[in-house]
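Notes for the one structure printed next.
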Amino acid sequence: MDSTDVVVIGAGQAGLSSAYFLRRAGFAAGSGYVVLDGDDGPGGAWRHRWPSLTLSKVHGLNELPGRPLGVTDVSRSASDVVSAYFAAYEREFELPVHRPAAVTAVRDGGDGRLVVESSAGTWSARAVVNATGTWTRPFWPYYPGMAGFRGRQLHTADYRGPEEFAGRRVVVVGGGTSAVQLLTEIAEVADTTWVTRRPPVFREGPFSHEIGRAAVAMVERRVREGKPPASVVSVTGLQLTPEVRDAMARGVLARLPMFDRITPDGVAWDDGRTVSADVILWCTGFRAAVDHLAPLGLREPGGGIRVIGTRAANEPRLHLVGYGPSASTIGASRAGRAAVREIRELLAVAPVG
């Protein structure tokens, strides 16, 4: 078992930001901190995004602390650009990233330390920063008849582009930004139907500070109560981009309420309405990837982990960064700095200046 002061789990925006602030605070690579990443290359969740998601379509991409992204061609794939950016960042700051190192469990070592078990070995640490995000935990809601559907079902996490749906009948489920983006792409080549649980709310103009604060406050309140973090779309709404306006004009965003069941050949409502489908695309979001923390017994009755700031309320050695109110690219960077401040206090080291 290797020993270190801090283990950072995940090398996405939140994990790399945390590693940067640990390095700046004087923690030595290896003996002071390590980063364990389950992927086989840099980029975090960005390396898995669909190729048609270009920088021009990305909402909320923020730079990592200490190194600008730089001027780049906005028509390039976000996956390629961000993965290369993260790789350069790891090299420049000589961050001790181990990969692939999928963490399977975090346990109490019984000696004041936490034990982190992974596919690449086991580490003993005085503190852990969990920055695993959500991409590896796609959420599939259950509806009667799912198992009997004769067509194809896939999730946003499986989407690679619209070409494979050419000439097909596709039902897109979900009311978030990703659902709208994928729907507008697929509608260019396929017969599409959009289904959501709630009527979508479209918003004019850019996000305001008030909207952002309201969204963060809502999620922060939930994690303080031990509830799972919720989607912020209900607060922020969907942005009316030129692509969205064009889709509206073409009738692509004519939304139907959520169906009641899935049939072998499509979906159906209790009022007798049916829609035939070859494909059901579930754009139904993700859940926090925290199953490896189960041995610590931190789940609250509400289903989530109660978090105060970035610290797990019932385990002061554990910080969750990129979880709840910090689950945005800018929020993750800020939370990484905050977590390092608290870790230094926990380990009786002078706080970051």
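Okay, residues lined up against (1) in contact (Cβ under 8 Å) with a residue 60 or more places away in the chain; (2) over 26 Å from the mean Cα position of the chain (by Cα); (3) over 23 Å from ARG49 (Cα atoms):
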{"site": "SER276", "(1), (2), (3)": "yes, yes, yes"}
{"site": "TRP282", "(1), (2), (3)": "yes, no, no"}
{"site": "LEU293", "(1), (2), (3)": "yes, no, yes"}
{"site": "GLY297", "(1), (2), (3)": "no, no, yes"}
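Which members of region 285-301 meet the condition of being among the aliphatic types (A, V, I, L, M) and assigned to a helix (DSSP H, G or I)?
Filtering region 285-301 for residues among the aliphatic types (A, V, I, L, M) gives 288-290, 293-294, 296, 298.
LEU293, ALA294, LEU296, listed by residue number.
Considering only residues that are charged (D, E, K, R) and over 21 Å from the mean Cα position of the chain (by Cα), which ones fall in region 131-166? Write out each step before concluding.
Going through region 131-166, the residues charged (D, E, K, R) turn out to be 137, 150, 152, 158, 160, 163-164.
Within region 131-166, ARG150, ARG152, GLU163, GLU164 meet the criteria.
Conditions tested, residue by residue: (1) of a type in the set (Ser, Thr, Tyr); (2) within 18 Å of ARG47 (Cβ to Cβ).
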site	(1), (2)
SER83	yes, yes
ALA88	no, yes
PRO100	no, yes
GLY110	no, no
GLU117	no, no
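Would you confirm, using the coordinates I've provided, whether GLU90 is in contact with a strand residue (DSSP E or B) (Cβ under 7 Å, 6 or more places away or on another chain), farther than 26 Å from VAL290 by Cα and at pLDDT 90 or above? Steps first, answer last, please.
Details: in contact with a strand residue (DSSP E or B) (Cβ under 7 Å, 6 or more places away or on another chain): yes; farther than 26 Å from VAL290 by Cα: no; at pLDDT 90 or above: yes.
No; evaluated as a whole, the condition is false for this residue.
Which residue, of GLY133, GLY112, GLY151, is modelled with pLDDT under 95 and crowded, with 17+ Cβ neighbours inside 10 Å? Don't jump to the end; show me each part of the working.
Values: GLY112 fails: crowded, with 17+ Cβ neighbours inside 10 Å; GLY151 fails: modelled with pLDDT under 95.
Every option except GLY133 fails the conditions.
Suppose we filter region 255-283 for residues that are β-branched (Val, Ile, Thr) and crowded, with 20+ Cβ neighbours inside 10 Å; how many remain? Walk me through it before giving the result.
Residues of region 255-283 that are β-branched (Val, Ile, Thr), as a first pass: 262-263, 267, 274-275, 279-280.
Imposing the further condition that a residue be crowded, with 20+ Cβ neighbours inside 10 Å reduces the set to 262, 267, 280.
Result for region 255-283: 3.
Yes or no: ARG306 closer than 30 Å to GLU63 by Cα, in contact with a helix residue (DSSP H, G or I) (Cβ under 6 Å, 6 or more places away or on another chain) and among the charged types (D, E, K, R)?
no
Of all residues being modelled with pLDDT under 70 and within 23 Å of the chain's Cα centre (by Cα) in region 182-207, which is farthest from PRO301 (Cα to Cα)? Just the residue, please. Quick ask: steps written out before the conclusion?
Looking only at region 182-207, we keep the residues that are modelled with pLDDT under 70, and these are 205-207.
Now drop any that are not within 23 Å of the chain's Cα centre (by Cα), which leaves 206-207.
Working: PRO206: 37, PHE207: 34 Å.
Out of the qualifying residues, it is PRO206.
Scan region 130-144 residue by residue and report those that are in contact (Cβ under 8 Å) with a residue 24 or more places away in the chain and either more than 30 Å from TYR159 (Cβ to Cβ) or hydroxyl-bearing (Ser, Thr, Tyr) (or both).
Within region 130-144, the first condition is being in contact (Cβ under 8 Å) with a residue 24 or more places away in the chain, and the residues that meet it are 130-141, 143-144.
Hits for region 130-144 are THR132, THR134, THR136, TYR143.
Which one of these is surrounded by fewer than 24 Cβ atoms within 10 Å (Cβ to Cβ), in the same structural domain as ALA102 (by TED's automatic domain parsing), within 20 Å of HIS319 (Cα to Cα) and under 17 Å from the mean Cα position of the chain (by Cα): GLY30, GLY38? It would help to see each step written out before you state the result.
Values: GLY30 fails: under 17 Å from the mean Cα position of the chain (by Cα).
Answer to the selection: GLY38.
Could you tell me which residue of region 57-106 is surrounded by the fewest Cβ atoms within 10 Å (Cβ to Cβ), considering only residues that are among the hydroxyl-bearing types (Ser, Thr, Tyr) and within 21 Å of ARG160 (Cβ to Cβ)?
Restricting attention to region 57-106, the residues satisfying the condition of being among the hydroxyl-bearing types (Ser, Thr, Tyr) are 72, 75, 77, 79, 83, 85, 89, 104.
When the remaining residues are screened for being within 21 Å of ARG160 (Cβ to Cβ), the result is 75, 77, 79, 83.
Working: SER75: 9, SER77: 16, SER79: 19, SER83: 20.
It comes out as SER75.
Take region 60-79 and flag every residue that is farther than 15 Å from GLN13 by Cβ and without any contact (Cβ under 8 Å) to a residue 24 or more places away in the chain. Walk me through it before giving the result.
Going through region 60-79, the residues farther than 15 Å from GLN13 by Cβ turn out to be 70-77.
GLY70, VAL71, THR72, ASP73, VAL74, SER75, ARG76 - these are the residues of region 60-79 that are farther than 15 Å from GLN13 by Cβ and without any contact (Cβ under 8 Å) to a residue 24 or more places away in the chain.
Can you say whether GLU164 is acidic (Asp, Glu), outside any strand (DSSP E or B) and in contact with a Gly (Cβ under 9 Å, 6 or more places away or on another chain), as far as the supplied structure shows? Step through it out loud before you land on a result.
Numbers: acidic (Asp, Glu): yes; outside any strand (DSSP E or B): yes; in contact with a Gly (Cβ under 9 Å, 6 or more places away or on another chain): no.
No: the conditions fail for GLU164.
The values are calculated or read from the model by the stated rules, or taken from the named source; none is laboratory data. In this text, all values refer to a predicted model and were calculated from it rather than measured experimentally. Neighbour counts run over all protein chains shown; Cβ positions are idealised from the backbone, glycine included.
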